[in-house]
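Each reported figure results from applying straightforward, stated rules to the coordinates on display, with no laboratory input. In this text, all values refer to a predicted model and were calculated from it rather than measured experimentally. For neighbour counting, all protein chains shown are included, and Cβ atoms are generated from backbone atoms with ideal geometry for every residue, glycine included.
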Amino acid sequence: MEIFIAIVLLLVGIALIVKGGDFFVDAASWIAEVSGIPPLLVGATIVSVATTLPELIVSIIATVSGSVEIAVGNAVGSVVANLGLIMAISLICMPGKINRKEYWFKSAVLVVAVLNLFLACFGGAVNESGLHTLSVGLGLVVFELFIVFVAENVITALRAIKHPITAESTGATVEMTANVASEKAEAEEEEKPVAKDKKTVIINILKFLGGAAGIVGGAELLVRYGQQLALLAGVSEGIIAVTLVAIGTSLPELVTTISAIIKKKASISVGNIIGANILDITMILPICAMVSGGALVVPREALLLDLPFCLGLSLIAIVPMLITKKFHRWQGIALIAVYAAYLTLRIILT
């Protein structure tokens, strides 16, 4: 009975995070646009960061409560799930040619970011338990790529705004971190001015506050009952983190992918996943290192399994695409196969 209640409350946490994130992004986009910021620039900055809030809040709460396995497992596990499950579905359903210019920079940033995080964790000081740690200093080295990524998004957006003739082609790169809701909002904003009546203002303020509360409350439930479920089921927090928690916080990307498949917009689906992964890798653990008070302990499984598999999946997803200028169905199949092998090893060796 206790396990059943823990599962139900964990699922409630996931639902709150997903819906809260949806409300928060919508409201944040509206607030930014009312202030006069072009929608394209909103997508490149506010929306891209806001869509990563679920993973960030979950990992911060887990760090503060001492559940390091959940904090690290969620951050890296979300990337593994995004690539091995969600991107795999996209490539299997929508293989096809791509414009390499729209992908090479962000693809390179993703691979470098994963490698950089692995080296920063592996090169960190070893604590009394023999575990490597991510210091604030090394975390800032990882965080620098977050700044580079956002800056490139802003530059691309400004260029597209200045030269609207090429906005359609360059816009795809900005959409890499925007979810379906924001894309709908942007399309609508091009047709009519942003509503500023009293009712709309109240609705968006409530959405903003309610969305933020939903994310925080859902994250609290996810961490608390993720811990309890691990204890009751007799498995490690790490397993719960890289499965239920990681996949749960990756649901926005899954929704985006399904919507993109229905609308046959492969670039939006894959671009969203690549952008979300860059933000997960470059922002979450460095911030958690700061919150931890000096050094974030990196579980052995994260160093030996999670990060290497994360790098391997990134290479499978990106290298063939950059060489052949197309996404292949076999890449999706390979990603799922590697993801299944990863989960199997994680369960056996943990």
- Query: Under a Cβ-Cβ cut-off of 11 Å, what is the net charge of the residues other than Ser250 that fall near it, where Lys and Arg count +1 and Asp and Glu count -1?
  - Reply: -3
- Item | For the stretch 128-133, Karplus couplings with θ = phi - 60° (6.51, -1.76, 1.60), whole Hz, Gly/Pro x | 5, 8, x, 9, 6, 10
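Using the Kirkwood radius built from alpha carbon pairs, what does the Stokes-Einstein equation give as D for the stretch 294-350 at 20 °C and 1.002 mPa s, in µm² per second?
169
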- Go through Lys106/Lys162; Lys19/Lys198; Lys19/Lys97; Lys162/Lys196 and tell me which ones have a Cα-Cα distance over 29 Å in this structure. Lys19/Lys97
- 5 angstrom amide H check on Leu134, placed H, neighbours 5+ away: Leu296, Val297, Val298
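FRET efficiency for Val255 and Val12, Cβ-Cβ distance as r, R0 = 22 Å, nearest 0.05? Mind dumping the intermediate values first?
Numbers: r = 18 Å, r/R0 = 0.81.
Taking R0 as 22 Å, the efficiency between Val255 and Val12 is 0.80.
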- Query: So who's got an amide H within less than 5 Å of the one on Lys326, skipping anything under 5 residues away but keeping other chains? H placed 1.01 Å off N, in plane.
  - Reply: Ile98
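Please give the length that would be gained between Ala233 and Arg329 if that part of the chain were fully extended, namely 0.36 nm times their separation in residues minus their C-alpha to C-alpha distance (nm, one decimal). Numbers along the way, then the final one.
Working: separation 96, 0.36 × 96 = 34.56 nm, distance 3.68 nm.
Roughly 30.9 nm would be gained on extension.
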- Task: Give the residues of the stretch 271-289 whose amide nitrogen is closer than 20 Å to a point set 7 Å from the Cα of Leu119 in the direction of its Cβ.
- Result: 278-287
- Arranged from highest to lowest average of other beta-carbon atoms within 10 Å per residue, in what order do the peptides 298-308, 124-134 appear? 298-308, 124-134
